[in-house]
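Comments concern the structure below.
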2 protein chains.
Amino acid sequence: MPISRSFRCSVFIGVSLDGFIARRDGDLHWLTSRGEAAGSDLGYEEFIAGIDAVVMGRGTYEPGRSYDPWPHEGRHCAVLSSTLPPDADPRVTVHRDLGTLLRELEERGTKSVYVDGGQVIRTFLREGLIDELTITTVPVLIGTGLPLFGPTGGDMPLVHLATRVFGAGVVQSSYAVDRTT
Amino acid sequence: MPISRSFRCSVFIGVSLDGFIARRDGDLHWLTSRGEAAGSDLGYEEFIAGIDAVVMGRGTYEPGRSYDPWPHEGRHCAVLSSTLPPDADPRVTVHRDLGTLLRELEERGTKSVYVDGGQVIRTFLREGLIDELTITTVPVLIGTGLPLFGPTGGDMPLVHLATRVFGAGVVQSSYAVDRTT
């Protein structure tokens, strides 16, 4: 049964044409360098302006925790992790399981959630919790790395919303998860 | 060292948004039904008009051998397979290894090769033999299946050529392999 919720969950992520979000060692230069060469923020500011909470796993939180300034200032930030100490960082709340995380989002009156990082995106997809995906594909095959997608437990039909071509051959498509079928 | 050749090799293939070209059992209905709903041949006729030879593996040849009419009439058709008997089908030549296949294409004065099927595409990519890729993405996640891409042995930068959006949310992007870097 789908989890009842009052908020929408969106993905906004960059991938290689072969579907990786990072190299195995976490390196993102192949992605960020092409994003910068595109000569635009690729719609990120417009996307994030409508977001009031961010959810990520430890794999996404750790490399970002030392960013200065902290990119999620003024926005609720939840980390789904079985290992991160609950008091690790006053800027985030740590959740051991999806149920408590979703309850917290609900209780805070959250409207719009940015779901970031491969593992958390796959968990939310499997649970039928993703409403919209914006996938920005950079023109390179990297062969191996951390995949964006994984098993879904069945077909998940999507509705294509828009496709934009940016500089440097970056192609961005947005989809809504089709709940009518 | 790249193999010297006089012909260009192109890929023209449909995938799910999560990068699969078929379900594990070979089923393509999720793909072909959306292709039909797009209300166009998705540029296939234009693509195939410029092709004089087709290369495929046994996994692609077998399901297609009984198509009536044979889709590659009038076009040289080579199957790369370690198991298909050489005299299995007078419409195709069978090659046990890539070297003899490439030599045959060269000797025939081939100009433009359509490389079809996941395994053969991955082999040609790894060997640096692909010049152009046209990837048609249908709006569905299928979770598991036969992947289009695999290990490449290094980064393969691409040049974006064009993106077209068809009906039914089908998005097609073409890329050239970038040999300038």
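Got a sec? Which of A:179, A:122 is more than 12 Å from every other protein chain (Cβ to nearest Cβ) and either free of Cβ contacts under 8 Å to residues at least 24 places away in the same chain or out of contact with any strand residue (DSSP E or B) (no Cβ under 6 Å at 6 or more places or on another chain) (or both)?
Going through A:179, A:122 in turn, the sole match is A:179.
Limited to the range B:143-157, what total is found for residues that are at the interface with chain A (Cβ under 7 Å from one of its Cβ atoms), open to solvent by 10 Å² or more (accessible area, probe 1.4 Å) and either part of a strand (DSSP E or B) or touching a residue at least 60 places away in the same chain (Cβ under 8 Å) (or both)?
Total meeting the criteria: 4.
Residue by residue through the range A:9-34, note down the ones that are small (Gly, Ala, Ser), within 14 Å of chain B (Cβ to nearest Cβ), buried (at least 19 other Cβ atoms within 10 Å of the Cβ) and not in a loop (DSSP other than H, G, I, E, B).
Hits for the range A:9-34 are A:16, A:22.
Within the range B:114-142, which residues are part of a loop (DSSP other than H, G, I, E, B) and not small (Gly, Ala, Ser)?
B:127, B:129, B:130, B:131, B:139, B:142
Of all residues being part of a strand (DSSP E or B) and more than 18 Å from the chain's Cα centre (by Cα) in the range A:164-176, which is farthest from the other protein chains (Cβ to nearest Cβ)? Just the residue, please.
A:164
Which numbered condition trips up residue A:82, out of (1) modelled with pLDDT of 95 or more; (2) more than 16 Å from residue A:10 (Cα to Cα); (3) in a helix (DSSP H, G or I)?
The one condition residue A:82 does not meet is (3).
Among the numbered criteria (1) within 21 Å of residue B:63 (Cβ to Cβ); (2) facing chain A (nearest Cβ under 8 Å); (3) exposed (fewer than 15 other Cβ atoms within 10 Å of the Cβ), which single criterion is violated by residue B:86?
Failed condition: (2).
If the requirement is being touching a helix residue (DSSP H, G or I) at 6+ places or on another chain (Cβ under 8 Å) and either open to solvent by 10 Å² or more (accessible area, probe 1.4 Å) or of a type in the set (Gly, Ala, Ser) (or both), which of these qualifies: A:168, A:176? Please lay out each step first, then the result.
Working: A:176 fails: touching a helix residue (DSSP H, G or I) at 6+ places or on another chain (Cβ under 8 Å).
Going through A:168, A:176 in turn, just one is touching a helix residue (DSSP H, G or I) at 6+ places or on another chain (Cβ under 8 Å) and either open to solvent by 10 Å² or more (accessible area, probe 1.4 Å) or of a type in the set (Gly, Ala, Ser) (or both): A:168.
Would you mind stating whether residue A:110 is open to solvent by 70 Å² or more (accessible area, probe 1.4 Å) and either in contact with a Gly (Cβ under 8 Å, 6 or more places away or on another chain) or assigned to a loop (DSSP other than H, G, I, E, B) (or both)?
no
Sort through B:93, B:60 and tell me the only one that's surrounded by 14 or more Cβ atoms within 10 Å (Cβ to Cβ), within 15 Å of the chain's Cα centre (by Cα) and of a type outside the set (A, V, I, L, M, F, W, C).
Within the list B:93, B:60, the selection yields B:60.
The values are calculated or read from the model by the stated rules, or taken from the named source; none is laboratory data. All values reported here derive from a predicted model rather than from experimental measurement. Please note: Cβ atoms are built from the backbone with ideal geometry, for glycine as well, and neighbour counts cover all protein chains shown. Calculation scope for accessible area: heavy atoms of the full protein, side chains included, ligands and nucleic acids excluded. Shrake-Rupley method; radii C 1.70, N 1.55, O 1.52, S 1.80 Å.
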